[in-house]
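What follows is a single structure, written as structure tokens, with notes after it.
The values are calculated or read from the model by the stated rules, or taken from the named source; none is laboratory data. As the structure is a computational prediction, the values presented were derived from the model and not from experiment. Neighbour counts are summed over all protein chains in view; Cβ atoms, including those assigned to glycine, are modelled from backbone coordinates with ideal geometry.
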Amino acid sequence: MATDEVWRLQGGSDFNEYQKSGGSDPECLCFQKMASQGHYGAGGGTKQGIYVCTPDGEFLASINSLSGNAVATTLKQAIAQWKEKLPNAAATPMAKSTPTHRWEWSYPEGGLVLKQTTRYLSDSPQPLLERDKRFNFDFVWFNPSEVMMFVPKQPEMGMKFDLPQTLFDRFARFHFIETAHGENGIFHQNEISGKLQGEVIDLQPDSLTIAITGKCHSLSNRKAYRGLSPARQIKIEVYGSFSFNSSSKEFDKFELVAKGRIFNSSDKVDSNADSRSIGWYFTVADPTTPSERLSPTHLHAYGASWVKQPSLPLYDLKAKKPNQP
């Protein structure tokens with residue numbers, strides 16, 4: 001069993017190659033050959049879904065569905081084909097390979113990792129329609145030096161202060177986005193406005209508690225890229241608090257709630273017409289649970305020096321002469 005980001009398998013290292021016929025990396029070519037026999041067929045476009053194939057890459061079955069029953073049926077069909085095509089096949093020993101890059105290698109040990117839950121909210125006393133009950137998870141990473149940005153250097157009881165722009169940007173650009181239904185695009189720096197504010201509400205010799213409030217307005221007119229684009233406009237209010245142990249430099253508690261309204265237009269909006277509500281909840285992730293050490297969806301775009309980027313081959317955009325290195 002294996003998983004990978006579908007855009008990488010479709011496009012490899014060079015997106016221009018994908019636009020033509022698909023990524024040029026060996027594993028991407030292998031995937032494309034196999035997936036071209038699946039539910040989306042050959043050619044460009046997304047190949048998102050679940051595929052079953054032999055260790056040699058022979059296609060057996062595929063599906064792209066949120067239904068567990070439908071996926072189970074597909075797997076049973078694939079097993080039946082496996083037995084029919086390869087009745088005497090022996091298990092293939094697992095190949096030993098060392099990956100060149102994993103985003104999880106940048107996990108901020110000693111920092112702050114938040115688990116994010118995103119879901120649509122009801123705008124009336126009536127319950128949400130079944131299709132709107134979807135929710136999604138993600139994670140937010142801060143390294144140890146960024147953790148200290150949450151806490152004023154000389155805190156005083158009742159002290160109010162603005163949290164650094166870096167912290168606001170992390171949430172506003174990469175996490176206050178419409179992902180309840182699935183993946184979505186991020187906001188650029190010039191598409192967000194607002195700030196987060198802190199207030200010291202409890203101060204002890206070795207700990208303090210800070211309440212967080214804030215507002216964020218995100219506005220984008222961009223077209224979709226690789227099938228993703230941020231919501232046109234989101235207006236958000238933020239509330240929360242955290243308790244920080246100044247001796248251990250760790251958070252004893254961190255809870256943040258954000259409620260937003262998504263507008264389908266980038267024009268000035270004065271009413272709730274053609275809009276819907278969405279919410280985000282953040283709390284401290286469990287570092288001992290492997291599934292809560294997964295990297296943030298848009299970690300690659302954080303722009304933080306401590307995030308290790310993959311080493312990709314360089315493609316010469318100029319035409320090369322035959323036999324030219």
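Structure above, values below:
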{"read-out": "Count of segment 282-325 residues which are assigned to a loop (DSSP other than H, G, I, E, B), more than 14 Å from the chain's Cα centre (by Cα), at negative phi and at pLDDT 50 or above", "value": "15"}
{"read-out": "Residue tally, condition more than 19 Å from residue 83 (Cα to Cα) and surrounded by fewer than 16 Cβ atoms within 10 Å (Cβ to Cβ), over segment 41-59", "value": "6"}
{"read-out": "Enumerated strands (runs of 3 or more DSSP E) restricted to segment 100-176, each holding at least 2 residues that are hydrophobic (A, V, I, L, M, F, W, C) and either at pLDDT 95 or above or loosely packed, with under 13 Cβ neighbours inside 10 Å (or both)", "value": "112-121, 135-142"}
{"read-out": "Per-region count, segment 33-53, residues more than 17 Å from residue 78 (Cβ to Cβ) and outside any loop (DSSP other than H, G, I, E, B)", "value": "1"}
{"read-out": "Answer from 19, 81 - the residue that is farther than 22 Å from residue 295 by Cα and modelled with pLDDT under 75", "value": "19"}
{"read-out": "Residue ID - farthest from residue 135 (Cα to Cα), chosen from residues in segment 266-281 that are of a type outside the set (Phe, Trp, Tyr) and at pLDDT 85 or above", "value": "276"}
{"read-out": "Search result, residues across segment 177-190 that are touching an Asp or Glu at 6+ places or on another chain (Cβ under 8 Å) and crowded, with 17+ Cβ neighbours inside 10 Å", "value": "179, 184"}
